[in-house]
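The values are calculated or read from the model by the stated rules, or taken from the named source; none is laboratory data. Nothing here was measured: the structure is a model prediction, and the numbers come from that model. Every residue, glycine as well, gets a Cβ built from its backbone with ideal geometry; the counts of neighbours run over all protein chains shown.
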């Protein structure tokens, strides 16, 4: 796609889980050719999670929702690196590519002779980014990592939750996401350096260091004052009131943040100055912060009889920061999302019939001259073996067939003959709500999202 801003780039994605694969997905959103390296022996776990309509169906390894969100705008080729020929093919791809991303402990790529020092002579202009939990070279370089672990080690979990509670994780793999944005920026910076000098380089990226940037203000506060920050739930050290408050109907909550006395006076007027709001203690930010719990209780009694969107508009029209609290069922129905056309309806391959047509989040940046887009759906396992091996690397059909027979490449996982996971019956999903495994289940979600039109 040479008419896109990054259409001149070829990117190799050897990442796992989220951080690395999302870096390459963003490159693909702006037109880069991204080649996803997969294994038939160890397919990405995201391929087998959250099946459409909770039914795995045929070729269930091509239906997983998480994989479709992370791997759009990519080609897929299967290579078994346990076979030396698979390693050699990957080296050939690296020789004709611009960016290579991997997410393995440092010992793994060294074992295959695919670490930066071993391959930089193959392609001196290659940008090689390693997105691992703790970076390379330190005592944690070979540690295993998942989002919850690096979130804890970066100090985020210590701040999350309510006062005197145990440290609490967020509900997403939090450090993966700042790692994505910072890693993307690092790659683009390295590409600019190459444009100026012709030199490639290695980017040694640590996910838990990226997480520390998310609490930089708390860290700097401690380094300047010795003060240990505390968990404060939805409250804030410098603003009050600051929290989420119940509303009637759906959405059922609204977030409100008051920074200064002027905004507080306006909120009082909108609440028609109830008696409790005239307490002189509440005239200053310091006084309001000391009365946070009392404030939240009073404001909740005012908001609970109002509709969230109507209250949001009222507050915003009077200069008060506020927003409805959206969940997965209401995000795609939000009028601002619809107006900006953020969600893109993507039609998937006929062999991904369980996925079919679904809405996916599009690029957040709306660029007037070089917009990003979802150019292709996430690939089936090994869908582009022939295209990559034949068109890019010049292998003949006979050579590709030999690689298939040898098991170096292919399109079926080794477990393809095993029984598919059992689908969840509607009553099982209802039971999961009762057990607390999920908060709710909407049997009409397809109609709500316009999938049955």
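Counting only residues that are in contact (Cβ under 8 Å) with a residue 24 or more places away in the chain and either in contact with a helix residue (DSSP H, G or I) (Cβ under 6 Å, 6 or more places away or on another chain) or assigned to a helix (DSSP H, G or I) (or both), segment 293-319 holds 14 of them. Suppose the filter is part of a helix (DSSP H, G or I) and surrounded by 14 or more Cβ atoms within 10 Å (Cβ to Cβ); does residue 338 pass it? No, not satisfied. When you scan segment 270-279, do you find a residue that is buried (at least 16 other Cβ atoms within 10 Å of the Cβ), part of a helix (DSSP H, G or I) and either on the phi < 0 side of the Ramachandran plot or touching a strand residue (DSSP E or B) at 6+ places or on another chain (Cβ under 6 Å) (or both), even just one? Checked against the condition, which is being buried (at least 16 other Cβ atoms within 10 Å of the Cβ), part of a helix (DSSP H, G or I) and either on the phi < 0 side of the Ramachandran plot or touching a strand residue (DSSP E or B) at 6+ places or on another chain (Cβ under 6 Å) (or both), segment 270-279 yields at least one hit.
Tell me the helices (runs of 4 or more DSSP H) entirely within segment 5-121 that contain at least 3 residues that are more than 17 Å from the chain's Cα centre (by Cα) and either in the same structural domain as residue 451 (by TED's automatic domain parsing) or farther than 18 Å from residue 411 by Cα (or both).
Details: elements: 19-29, 65-70, 84-95, 106-111, 116-119.
Helices (runs of 4 or more DSSP H) meeting the threshold: 84-95, 106-111, 116-119.
Inside segment 83-111, residues that are surrounded by fewer than 17 Cβ atoms within 10 Å (Cβ to Cβ), touching a helix residue (DSSP H, G or I) at 6+ places or on another chain (Cβ under 8 Å) and over 18 Å from residue 390 (Cβ atoms) make up a count of 2.
State whether the residues of segment 47-60 include one that is in contact with a helix residue (DSSP H, G or I) (Cβ under 7 Å, 6 or more places away or on another chain) and within 23 Å of residue 187 (Cβ to Cβ). Looking through segment 47-60, none of the residues is in contact with a helix residue (DSSP H, G or I) (Cβ under 7 Å, 6 or more places away or on another chain) and within 23 Å of residue 187 (Cβ to Cβ). Considered as a group, the residues in segment 405-419 that are surrounded by 17 or more Cβ atoms within 10 Å (Cβ to Cβ) and over 27 Å from the mean Cα position of the chain (by Cα) include one that is farthest from residue 69 (Cα to Cα), and that residue is 408. Exactly one residue among 329, 322 is assigned to a strand (DSSP E or B) and touching a residue at least 60 places away in the same chain (Cβ under 8 Å), and that residue is 322. Residue 208 meets all of the listed conditions (1) surrounded by fewer than 14 Cβ atoms within 10 Å (Cβ to Cβ); (2) touching a residue at least 60 places away in the same chain (Cβ under 8 Å); (3) within 20 Å of residue 129 (Cβ to Cβ) but one, namely (1). Is there a residue in segment 122-137 that is without any contact (Cβ under 8 Å) to a residue 12 or more places away in the chain, in the same structural domain as residue 16 (by TED's automatic domain parsing) and either part of a loop (DSSP other than H, G, I, E, B) or surrounded by fewer than 16 Cβ atoms within 10 Å (Cβ to Cβ) (or both)? No, the conditions are met nowhere in segment 122-137.
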